[in-house]
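A.B. asks: Dropping the structure in here first, questions after.
The values are calculated or read from the model by the stated rules, or taken from the named source; none is laboratory data. Everything numeric here is computed off the predicted structure, so don't read it as measured data. Note that each Cβ is placed from the backbone with ideal geometry, even for glycine, and that neighbours are counted across all protein chains shown. Accessible surface areas use protein heavy atoms only, side chains included; no ligands, DNA or RNA. Shrake-Rupley method; radii C 1.70, N 1.55, O 1.52, S 1.80 Å.
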Amino acid sequence: MTATPTSTSRNPSPTALRPTLTSPLLRLAWHGRNVWHWVARPLTMGVRGIILDDSGTGGGAGGGPASVLLIRHSYVGGWHFPGGGVGKGETLVEAMRREVREEVGLTVESGPQPFGVYARFRHGASDHVAVFVAQGWSGTLRADGVEILEAHFFPLDRLPEDTSPATRRRIAEFQGREPLAERW
């Protein structure tokens, strides 16, 4: 690992996180996407990354509980893994690396390992999500302040209270506390 700060936020103060014009527009786009999925019913493929910190500063190899990267979006509540959609002509690993780079500025190095593939049928969508585990990364962790409001590494045993239920389930599966599920 290189340049491994364990947390950052472009807008650290609560007053700096007040919704701007972009947040309502992103929420509107999110809801528009949900309507499109309900009407058109396309089959989509997405990716998520379980990005671990094993530098010793956030846990892992240096002792203590390992840390996992979680992000908070401007358009949907809770903390989630970084990730997004797979583009045409893009492999799953390429998509996961691109999403992590775009959302938080980190470059996933070495071979991310496949963890699971999940079906997600919310808001009329027929999504399938491939999850990868990555321990090798470099760069400076940063949130763009528009789509991603915050990005932090959290110890696996001290997740934020508003971590999404699906993210909590994936972490429990990763830790071997629950069997792998088929649905997100």
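A.B. asks: Carbon-plus-sulfur fraction of the accessible area of the stretch 134-184, 1.4 Å probe, in percent?
C.D. replies: Values: 1290 of 2660 Å².
Taking all protein chains in place, the stretch 134-184 shows 49 percent carbon and sulfur surface.
A.B. asks: Just to check I understand the Karplus step: with θ = phi - 60° and J = 6.51 cos²θ - 1.76 cosθ + 1.60, what whole-Hz values come out for the stretch 43-51, glycine and proline as x?
C.D. replies: These are the phi-based 3J(HN,Hα) values: 8, 10, 10, x, 9, 9, x, 8, 9 Hz.
A.B. asks: So what are the ³J(HN,Hα) numbers for the stretch 85-97, from phi and the Karplus equation (6.51, -1.76, 1.60; θ = phi - 60°), rounded to whole Hz, Gly and Pro as x?
C.D. replies: x, 8, x, 4, x, 10, 6, 4, 5, 4, 5, 4, 4
A.B. asks: Under a crude label model (7 Å from the Cα following the beta-carbon direction), how far is residue 27 from residue 168 in nanometres?
C.D. replies: Result for the modelled spin labels: 2.3 nm.
A.B. asks: Over the stretch 45-184, calculate the relative contact order: mean separation of alpha carbon pairs under 8 Å at least 6 apart, over the residue count, as a percent.
C.D. replies: Details: 284 pairs, mean separation 41.8, N = 140.
Reported as a whole number, the value is 30 percent.
A.B. asks: Same structure, new question: With the cut-off at 1.5 for a/c, could you classify the stretch 89-141 from its C-alpha gyration tensor as rounded, prolate or oblate?
C.D. replies: The shape class here is prolate.
A.B. asks: In debye to the nearest 20, how big a dipole does the stretch 97-164 give about its Cα centre with +1 on each Lys and Arg Cβ and -1 on each Asp and Glu Cβ?
C.D. replies: 240 debye
A.B. asks: Convex hull volume of the Cα atoms in the stretch 41-184, per residue, in Å³? Numbers along the way, then the final one.
C.D. replies: Working: hull volume 16.0 nm³, N = 144.
So the per-residue Cα hull volume is 111 Å³.
A.B. asks: With r defined as the distance between the Cβ atoms of residue 126 and residue 161 and R0 fixed at 35 Å, what FRET efficiency is calculated, to the nearest 0.05?
C.D. replies: Here the calculated transfer efficiency is 0.70.
A.B. asks: Can you list residues from other chains, or at least 5 along the same chain, whose modelled amide H is less than 5 Å from the amide H of residue 66?
C.D. replies: 60, 156
A.B. asks: Let me ask something else about it. Can you pull the semi-axes for the stretch 113-184, root of five times each eigenvalue of the Cα gyration tensor, sorted largest first, whole Å?
C.D. replies: Equivalent ellipsoid semi-axes, largest first: 22, 17, 14 Å.
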